[in-house]
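The values are calculated or read from the model by the stated rules, or taken from the named source; none is laboratory data. A quick note: this is a predicted structure, and the numbers were derived from the prediction, not measured. With ideal geometry, Cβ positions are generated from the backbone for all residues, glycine too; neighbour counts draw on all protein chains shown. Side chains are part of the model used for accessible areas, which takes the heavy atoms of the whole protein and leaves out ligands, DNA and RNA. Shrake-Rupley method; radii C 1.70, N 1.55, O 1.52, S 1.80 Å.
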Amino acid sequence: MVPQSTVNLAVELGAWLEQRGWRCVTAESCTAGGIGYAISTVAGSSAWYEGGFITYSNAMKQSQLGVTSYTLAKYGAVSAETAAAMARGALTASGAEVAVAVTGVAGPGGGSADKPVGLVWFGLAWQGECITWQQVFPGDRQAVRLATINEALLSIKKIT
């Protein structure tokens, strides 16, 4: 079940995209389709949501989104470089106008000193541009994933 506050963010995103005549695509690792699921709770979202890539493994990041083995080996799956490559790859593969990508450590295990549980890298690609940023979200696995979904839905509307 998607919380109503998250559905509201998806509704607002849809209105923003429709005003521009844009469609979005998602590339998800740590949320495993949660962003796409939240978007698709909105009736009529097929007008502005192209679809998504669930690329939980490194092999899927490479085969579906074109993330290079070099990027994964040098920077890791949870990195700015991988988030950017995921966003660019999703944009290229889909033909949408904007892509958001997420890759992180949702927990409860898997964290390290450099990449703690709750660390998520975001990538946002559109019209030849790409930006990345990170957030460290508190809480358990469910809380980290929900916070990631909400941030992703909010982030697209920050494009000016």
### Message
Residues that are free of Cβ contacts under 8 Å to residues at least 40 places away in the same chain, over 18 Å from Gly33 (Cβ atoms) and touching a Cys at 6+ places or on another chain (Cβ under 9 Å): does region 115-125 have at least one?
### Response
yes
### Query
Which of the residues spanning region 123-134 are more than 18 Å from Trp22 (Cα to Cα) and in contact with a helix residue (DSSP H, G or I) (Cβ under 6 Å, 6 or more places away or on another chain)?
Thr132
#### Entry: Output for region 58-77, where each listed residue is within 16 Å of the chain's Cα centre (by Cα), open to solvent by less than 20 Å² (accessible area, probe 1.4 Å) and under 15 Å from Gly104 (Cα atoms)
Lys61
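Which one is surrounded by the fewest Cβ atoms within 10 Å (Cβ to Cβ) among residues in region 9-40 that are in a loop (DSSP other than H, G, I, E, B) and not polar (S, T, N, Q)?
Narrowing region 9-40 to residues in a loop (DSSP other than H, G, I, E, B): 21-23, 29-33.
Next, only the ones that are not polar (S, T, N, Q) stay: 21-23, 30, 32-33.
On the way: Gly21: 9, Trp22: 17, Arg23: 19, Cys30: 23, Ala32: 15, Gly33: 15.
For region 9-40, the residue satisfying everything is Gly21.
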### Message
Could you check region 1-20 and list, in sequence order, the residues that are in contact (Cβ under 8 Å) with a residue 60 or more places away in the chain and either touching a Gly at 6+ places or on another chain (Cβ under 6 Å) or closer than 16 Å to Lys158 by Cα (or both)?
### Response
Leu9, Ala10, Glu12, Leu13, Trp16, Leu17, Arg20
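Which one is nearest to Ala143 (Cα to Cα), of the residues in region 28-53 that are among the aromatic types (Phe, Trp, Tyr) and in contact with a helix residue (DSSP H, G or I) (Cβ under 8 Å, 6 or more places away or on another chain)? Before the answer, list the steps.
In the first step, residues of region 28-53 are kept if they are among the aromatic types (Phe, Trp, Tyr); the result is 37, 48-49, 53.
So of that shortlist, the ones also in contact with a helix residue (DSSP H, G or I) (Cβ under 8 Å, 6 or more places away or on another chain) come out as 48-49, 53.
Details: Trp48: 27, Tyr49: 24, Phe53: 22 Å.
Filtering region 28-53 for residues that are among the aromatic types (Phe, Trp, Tyr) and in contact with a helix residue (DSSP H, G or I) (Cβ under 8 Å, 6 or more places away or on another chain), the one nearest to Ala143 (Cα to Cα) comes out as Phe53.
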### Query
Does region 144-152 contain at least one residue that is in contact (Cβ under 8 Å) with a residue 12 or more places away in the chain, under 14 Å from Val100 (Cβ atoms) and in contact with a Gly (Cβ under 7 Å, 6 or more places away or on another chain)?
yes
### Message
Looking at region 114-146 only, could you name the residues that are of a type in the set (A, V, I, L, M), surrounded by 18 or more Cβ atoms within 10 Å (Cβ to Cβ) and either over 11 Å from the mean Cα position of the chain (by Cα) or more than 21 Å from Gly89 (Cβ to Cβ) (or both)?
### Response
Val117, Leu119, Val144, Leu146
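Give the residues of region 107-160 that are assigned to a strand (DSSP E or B) and among the acidic types (Asp, Glu), sorted by residue number. Let's see the steps before the verdict.
So in region 107-160, the residues assigned to a strand (DSSP E or B) come out as 119-126, 129-136.
Once the filter is applied, which keeps residues that are assigned to a strand (DSSP E or B) and among the acidic types (Asp, Glu), region 107-160 yields only Glu129.
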### Task
From (1) open to solvent by 20 Å² or more (accessible area, probe 1.4 Å); (2) under 13 Å from Ala27 (Cβ atoms); (3) assigned to a loop (DSSP other than H, G, I, E, B), pick out the condition that doesn't hold for Ala93.
(3)
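Taking region 41-57, which residues are outside any strand (DSSP E or B) and open to solvent by 70 Å² or more (accessible area, probe 1.4 Å)? Before you say what the answer is, go through the steps one by one.
Initial filter on region 41-57 (outside any strand (DSSP E or B)): 41-48, 55-57.
Ala43, Ser46, Tyr56, listed by residue number.
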